[in-house]
Amino acid sequence: MAKVVIAADPIGVMRYGDVSSLTADEADCMLDALQTLAIIDPYFRSKDWDSHTAAGLMIPNLRSKIETAITSTATNDHLRSLLIEGLKDTPLACELGDTLESVIFSTDHFPRERKAAAEALIPHRNRTFWLRAITTLHDQGTEDSVRLARWVIEKIECNVGDELLAATLLAEIGVTICPLPRIQKSRISTTRHFGSIVGALPVERLINVLNLLSDHAQLLKASDWQNGNDLSELISLLIVRAIDEKLILTGDAASLWAWLEILEHTSTYHRSAKKLLQER
């Protein structure tokens, strides 16, 4: 009855069954059933994104079908994301490396798909590739691409040059890259967190990155309070860590106050930032 059950409720089988035990014929049936489900219910993952995996479908027999499904943006995006996420930690991810690359750099794919493609591909590409990838994503100049570039930097433990790191962070914040044309009349607020990347940055690079970011603070307009807040938060976290690592001592007071002056002129965040620094 396996095929009958799979055809009737493929997500139920994935959620409560063991997809890794399917035969090649049953896995093929599962993929067909998912494609049918995507037509009937295009948002079939909307209420349950993470409780099931398609890793059991990542077998050589289905390579062609999977490649076709994840490459085209004409297919259902919930199905694409399910399949791309399923490639992580499977041999098929290496075999479909070129396909995953195309998804990463495709601005027509959704952010979740691009991130999942990058995560699946990370073990199969070297640092040289990822440096080029980060540069390419940065140069695409879209919010999604730049955010993905920052995520990749975190995943490879900040193993990039200080200039590329700073350029990516400034672009994500919106200091150096502003997507055109502006279609929306009202701006969408984005919450960003920089604790992970600041924590991953090697100690010996803190001051140089701090200086590179501070040098660009003058590009912000006084009215641009959100970007100013983000930049101030990032600079504050770097300063705090530099103090904790004893890179900033009493003899460095002039530099410290120069950085604090930047906080005061770039955001409404400077009071809480100064309070945080004073506690240190």
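The values are calculated or read from the model by the stated rules, or taken from the named source; none is laboratory data. Not measured: the values here are computed from a predicted model. Cβ placement follows ideal geometry from the backbone for every residue including glycine, while neighbour counts extend to all protein chains displayed. The accessibility values were calculated without ligands, DNA or RNA, using every heavy atom of the protein model including side chains. Shrake-Rupley method; radii C 1.70, N 1.55, O 1.52, S 1.80 Å.
Any idea what the dipole of the range 1-139 comes to, in debye rounded to 20, about its Cα centre with Lys/Arg Cβ at +1 and Asp/Glu Cβ at -1?
Computed about the Cα centre, the dipole is about 340 debye.
Under a 1.4 angstrom probe, counting protein chains only, how are W130, W257, W151, W49 ranked by accessible area, largest first?
Output order, biggest surface exposure first: W257, W49, W151, W130.
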